[in-house]
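K.L.:
Sharing a structure below in structure tokens format, with a few things to ask.
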Amino acid sequence: MGKLDLRRIALALAAPVLAIVVALVITCLILLAAGSSVSGFLSTIFSVPAERNVINILNNASILYLSGLAAAIGFRMNLFNIGVEGQYQMAVFTAAVFAAQGWLPGPINVIVSIIVAMLVGAIWASIAGVLKVTRGVSEVISTIMLNAIAVSLTAYLLRKVGVSTGSNLATEEIPRDSWVGGIKLLSGAPNELLGLSVLAVLGGIGYAILLNRSKFGFALRATGTSASAAVASGIDVRRMVVVSLMISGAVAGLIGLPLLFGNSHSYGTTFQAGIGFAGIAVALLGRNNPIGIAFGALLFSYLTEQSNLLEINAQVSPDIVAISQGVIVLAVVIAYEVVRRYRNALEQRQVAAELSTSAPSEATPEATR
Amino acid sequence: MTMAPEELRPAGAPSAALVPRRRISIWVWLLVGLVLISAVRVLTGANEVDSAGTMRETVNASVPIALAALAGLWSERAGVVNIGLEGMMILGTIGAGYFGYWYGPWAGIVGAMVFGMIGAALHALATVYFGVDHIVSGVAINIIALGAAAFLADTWFSGLRGGGPTQSPPLDAPLSITLPGISDAMITLQDKHWFIISDLASLVAAVTTQLSSMTVLAVILIVGSALLLWRTGFGLRLRSCGESPVAAESLGVNVYRYKVIAVLTSGAIAGAGGAFIALVSSGIYQNGQTGGRGYIGLAAMIFGNWRPGGLVMGSVLFGYTDALQLRAGGEAVHALLILVAIILLGVAILQFRRGLKIAATTSLVIGVGFAVWFFTTDTVPADFTRMTPYVTTLLVLGLAAQRLRMPAADGLRYRRGQAG
């Protein structure tokens, strides 16, 4: 059995490795076709990042990781929460406004703001959930619409409550005693790890426990695997849909917080956007596995950080990395499928071989389907 | 990852196939719409609600959405959910930018369609041959297309005069048509502000003044697709792949081939939609200029119940709210609030007569809310106008989703030989 397990691990790793190689090859082909420098691209991407870049990679990865977790909770239920983007925009805006009021002292203000952000994310996501279970509206479409509405709504509210500083319109600054300091991880780096990136670690652990060690997690996975079987075993699928979308939205509410409390201290027009969509890609890359998503987040964050050097070092547009990232996502799902088919064929052959030694007449590969 | 959208439908939702219902002609709907809008215009005095300018803007805003929706129709009728429409449109805009700049507008359109088909080929490869989940593949294609367009724009347009890393030099639009006599007469008639007649006149004026030849092309594509998909053997076989690929296979239809044809056509049409945005709407390529119209097109198609006539209605609705915000701003949109309130009251009455008490109450409450909003304010902030199409989509889907019927095998994984 030891040999088989080794093969199993090799097969599990084969897909992501294959995908990354394919993505690099395709990226290089595009660069060749566009007449850009392939060697410059490769040497820049694979150069060793400086210490301050390492911190940047970790910071961005922790944010991406939260986004990936949010998407993954939906995926486990076969729900496509495309609305992570809108949920975190709404949540971080509300949290910024709430924290800036300074109603509560220092750390308590932070904790309550985190809860507020999670609540807002959950409520925004629950709209899609309720529409799905009561009206049969596909969550894919409704969350896309809710994303667009969130963008307009936060823009409107920002105009109402925001204060203008130069070209940037932003909410009022959070009181200084509620700022969350950074963690000095590398002595040579001028920048620090965002304090609230610890939320990513907690989120990952919470996700693992929730899914694998709780009754709710079992119901969630059961519903995702087979809704009809879940119904038969007494799981209220409609309730599961709403609740899991709300949990997904609550996690999405955390995405903007490390930056809000550790860096920008206010929510403005320049606040980082687009993390929600990247999170979907990262969750797919990591197959909704808490450790896999971490790898995906680190990989995406690494590629983005390294791409900043492309323009200077190799005269290549950094956008090329977005192509690589997209291709990795597509390639990885295709690779998983290919590996799955290969494994099925392998198992079929094995069973057929075992059957043919005991009862040669009945052995057909079809019997194992 | 497997998807089973059917299983997640609410248990109480009636299967649409079992509910007999009268079909009301699209013309009746259009007429009712015209009367309502005309009445609102006369009552509120917001003449921009349906001026020729607004109407022309409506046509221009509707065409890319309708093309995206048509692209979605092709793909989903063959059973492939195409959320990558947005990406294919983005590829269309960059294709139109490059070929349009170097070889003229018609080459731009062809280039856009080819670029859209490249994205579609990826989608077909992933979903049809490898059985990848359709939404996953679509999301990936959107990421790739966004990156590819930004990268290519930087590579192609950076050195050009009038161009830059994120935009192309100005592009020539394809030929536009004006019928001089009719156009002027209709504008005069429109300015009289008569009930119904002036509204019709501005409609005619809109389609006889500077009508883009691409709009004509879009109409031909829509009508042609409707005929091809519903009146020919080819169309029947293609749709059978979306309803029951297993049955189609047992009748000798090459399901893979039909799905690939449908997805490629979808990509080409979405690319043409991108070309319209670049060449006709803006006269330039810019990063991010599709602005989510691929998604809106998808919503318009669902709104239109996966039918050509329906998707045109959906696209015009979205195009209209878009145009109104551009042309007339908050006050005209404000006039529409009362229209929404009236429509919702009508829906509530219909639902009540059908015995749907809860749905009727919901519609009534939302309708009254809109009426209150109308009577307590004078204008609608621009941010709210911007979200109108999205809120409309949500409302419409929320109110009508159970009457919609998507192709039975839409989005489901199919493998050759599955029937055994």
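K.L.:
If the viscosity is 1.306 mPa s and the temperature 10 °C, what Stokes-Einstein diffusion coefficient in µm²/s follows for the stretch A:38-162 when Rh is the Kirkwood radius over Cα pairs?
P.N.:
Translational D for this selection: 94 µm²/s.
K.L.:
Now, a different point. List the equivalent ellipsoid semi-axes of the stretch B:111-214 in whole Å, largest first, each obtained as the square root of 5λ for an eigenvalue λ of the Cα gyration tensor.
P.N.:
That gives 42, 23, 12 Å for the three semi-axes.
K.L.:
Further, regarding this structure: In the P(r) worked out for the stretch A:93-164, what percent of Cα pairs fall beyond 14 Å?
P.N.:
67 percent
K.L.:
When the dipole is taken about the Cα centre of chain A, and only Lys, Arg (+1) and Asp, Glu (-1) are charged at their Cβ, what size is it in debye, to the nearest 20?
P.N.:
820 debye
K.L.:
Compute the relative contact order of the stretch B:212-322 as a whole-number percentage, counting only Cα pairs closer than 8 Å that sit 6 or more residues apart in sequence.
P.N.:
Relative contact order of the stretch B:212-322: 16 percent.
K.L.:
Which number comes out as Rg/Rh for the stretch B:281-420 once both Rg and the Kirkwood Rh are worked out on C-alpha atoms?
P.N.:
Taking Rg over the Kirkwood Rh, I get 1.07.
K.L.:
Another one. Provide the three semi-axes, in whole Å and in decreasing order, of the ellipsoid equivalent to the stretch A:198-243 as defined by the square roots of 5 times the Cα gyration tensor eigenvalues.
P.N.:
In descending order, the three semi-axes are 24, 10, 7 Å.
K.L.:
Which helices, counted as full DSSP H runs in chain B, have an axial Cα extent of no less than 18 Å and a Kyte-Doolittle average of -0.5 or above?
P.N.:
The answer, listed by residue number, is B:26-44, B:52-77, B:85-103, B:105-124, B:134-157, B:213-231, B:255-275, B:308-327, B:330-353, B:357-376, B:382-400.
K.L.:
First select every other residue whose beta carbon is under 14 angstrom from the beta carbon of B:Val280; then total the charges, Lys and Arg +1, Asp and Glu -1.
P.N.:
0
K.L.:
Sticking with this structure for a sec: Have a look at the stretch B:23-83 and give its Rg and Dmax from the Cα atoms, expressed in angstrom.
P.N.:
Cα only, the stretch B:23-83: 16.1, 47 Å (Rg, Dmax).
K.L.:
Also, I was wondering about something else. Just how far, in whole angstrom, is the stretch B:142-194 from the stretch B:29-58 if you go by their alpha carbon centroids?
P.N.:
26 Å
K.L.:
Running Debye on the stretch B:120-172 with equal point scatterers at the Cα sites and no solvent, what base-10 log of I(q)/I(0) appears at q = 0.15, 0.21, 0.27, 0.29 Å⁻¹?
P.N.:
-0.55, -0.71, -0.90, -0.98
K.L.:
Okay, moving on. Enter the Cα centre distance for the pair the stretch A:115-137 and the stretch B:317-366, rounded to the nearest angstrom.
P.N.:
23 Å
K.L.:
Normalising by the residue count of the stretch B:37-160, find the relative contact order in percent from Cα pairs under 8 Å and 6+ residues apart.
P.N.:
Computed over the stretch B:37-160, the figure is 23 percent.
K.L.:
Please work out whether the stretch A:69-129 counts as rounded, prolate or oblate from its C-alpha gyration tensor, where a ≥ b ≥ c are the square roots of the eigenvalues and a/c under 1.5 means rounded, while otherwise a/b larger than b/c means prolate and anything else oblate?
P.N.:
prolate
K.L.:
Here is a further query. Let me know the Rg and Dmax you get for the protein assembly as shown when you use only its Cα atoms, in Å.
P.N.:
For the protein assembly as shown, the Cα-based Rg and Dmax read 26.9, 93 Å.
K.L.:
Over the Cα atoms of the stretch A:222-355, compute the convex hull volume and normalise it per residue, giving Å³.
P.N.:
176 Å³
K.L.:
For the stretch B:261-347, what class follows from the C-alpha gyration tensor (a ≥ b ≥ c being the square roots of its eigenvalues): rounded when a/c is under 1.5, otherwise prolate if a/b is larger than b/c, else oblate?
P.N.:
In terms of gyration-tensor shape, oblate.
K.L.:
Considering only protein heavy atoms and a probe of 1.4 Å, how much of the accessible area of chain B is carbon and sulfur, as a whole percent?
P.N.:
67 percent
K.L.:
Okay, moving on. Evaluate E = 1/(1 + (r/R0)^6) for A:Ala353 and A:Lys184, where r is the Cβ-Cβ distance and R0 equals 56 Å; express this FRET efficiency to the nearest 0.05.
P.N.:
Using R0 = 56 Å, I get an efficiency of 0.45.
K.L.:
Relative to the compact-globule scaling 2.2 N^0.38 Å, provide the ratio for the alpha-carbon radius of gyration of the stretch B:82-170.
P.N.:
1.15
K.L.:
Something else about it: Could you state the principal axis extents of the C-alpha atoms in the stretch A:158-230, from the largest down, to the nearest angstrom?
P.N.:
Cα spread of the stretch A:158-230 along its principal axes, largest to smallest: 58, 42, 21 Å.
K.L.:
Ignoring everything except DSSP H segments at least 4 long, calculate the 222 nm mean residue ellipticity for the protein assembly as shown; use -39,500 (n - 2.57) per segment, divide by total residues, nearest 500.
P.N.:
-23500 deg cm²/dmol
K.L.:
Based on alpha-carbon positions alone, could you give the equivalent ellipsoid semi-axes of the stretch B:164-323 from the gyration tensor, as √(5λ), descending, whole Å?
P.N.:
35, 22, 14
K.L.:
Also, quick follow-up: Can you give the accessible area of A:Lys160, probe radius 1.4 Å, in Å² rounded to 10?
P.N.:
140 Å²
K.L.:
Could you tell me whether the stretch A:111-257 comes out rounded, prolate or oblate from its Cα gyration tensor? Rule is a ≥ b ≥ c as square roots of the eigenvalues, rounded for a/c under 1.5, then prolate if a/b exceeds b/c, otherwise oblate.
P.N.:
Oblate shape, in that a/c is at least 1.5 and b/c is the bigger or equal ratio.
K.L.:
Amide H of A:Val163 versus every other amide H placed in the peptide plane: which residues, excluding those fewer than 5 positions away on the same chain, fall under 5 Å?
P.N.:
A:Ala170, A:Thr171, A:Glu172
K.L.:
Let me ask something else about it. Which value, to two decimals, describes the C-alpha radius of gyration of chain B once divided by 2.2 N^0.38 Å?
P.N.:
This ratio for chain B stands at 1.01.
K.L.:
Over the Cα atoms of the stretch A:178-280, what radius of gyration and what Dmax do you get, in Å?
P.N.:
Rg and Dmax of the stretch A:178-280, Cα atoms, are 18.2, 59 Å.
K.L.:
Right, next: Please sort B:240-247, B:122-129 by packing, taking for each peptide the average over its residues of neighbouring beta carbons within 10 angstrom, highest first.
P.N.:
B:122-129, B:240-247
K.L.:
Starting from 0.36 nm per residue, how many nanometres of slack lie between A:Gln315 and A:Phe295 once their C-alpha separation is accounted for?
P.N.:
4.3 nm
K.L.:
Whole percent per 10 Å bin, from 0 to the bin with the longest distance: what is P(r) over all C-alpha pairs of chain A?
P.N.:
Final binned percentages: 5, 20, 28, 25, 14, 5, 2, 1, 0.
K.L.:
Helix hunt in chain A: which complete DSSP H runs extend at least 18 Å axially by C-alpha with mean Kyte-Doolittle at least 0.5?
P.N.:
Correct list, ordered by number: A:2-34, A:51-76, A:84-101, A:106-135, A:139-161, A:198-213, A:237-254, A:290-307, A:320-358.
K.L.:
Would you mind computing the Rg to Rh ratio of the stretch A:126-198 from its alpha-carbon coordinates, Kirkwood style for Rh?
P.N.:
1.19
K.L.:
Related question: Percentage of Cα-Cα pair distances in the stretch B:348-404 greater than 14 Å, rounded to whole percent?
P.N.:
Here the tail beyond 14 Å accounts for 65 percent of pairs.
K.L.:
Let me ask you something else. So what is the relative contact order of chain B, in percent, for Cα pairs below 8 Å that sit 6 or more residues apart?
P.N.:
29 percent
K.L.:
What three numbers, in Å, describe the spread of the alpha carbons of the stretch A:231-271 along their principal axes, ordered from the longest?
P.N.:
For the stretch A:231-271, the Cα spread along each principal axis is 50, 17, 8 Å.
The values are calculated or read from the model by the stated rules, or taken from the named source; none is laboratory data. Just so it is clear, the structure is predicted and the values come from calculations on it, not from any experiment. Cβ sites come from the backbone with ideal geometry, for glycine too, and all protein chains shown count toward neighbours. Keep in mind that these areas ignore ligands, DNA and RNA; they rest on the heavy atoms of the full protein, side chains included. Shrake-Rupley method; radii C 1.70, N 1.55, O 1.52, S 1.80 Å.
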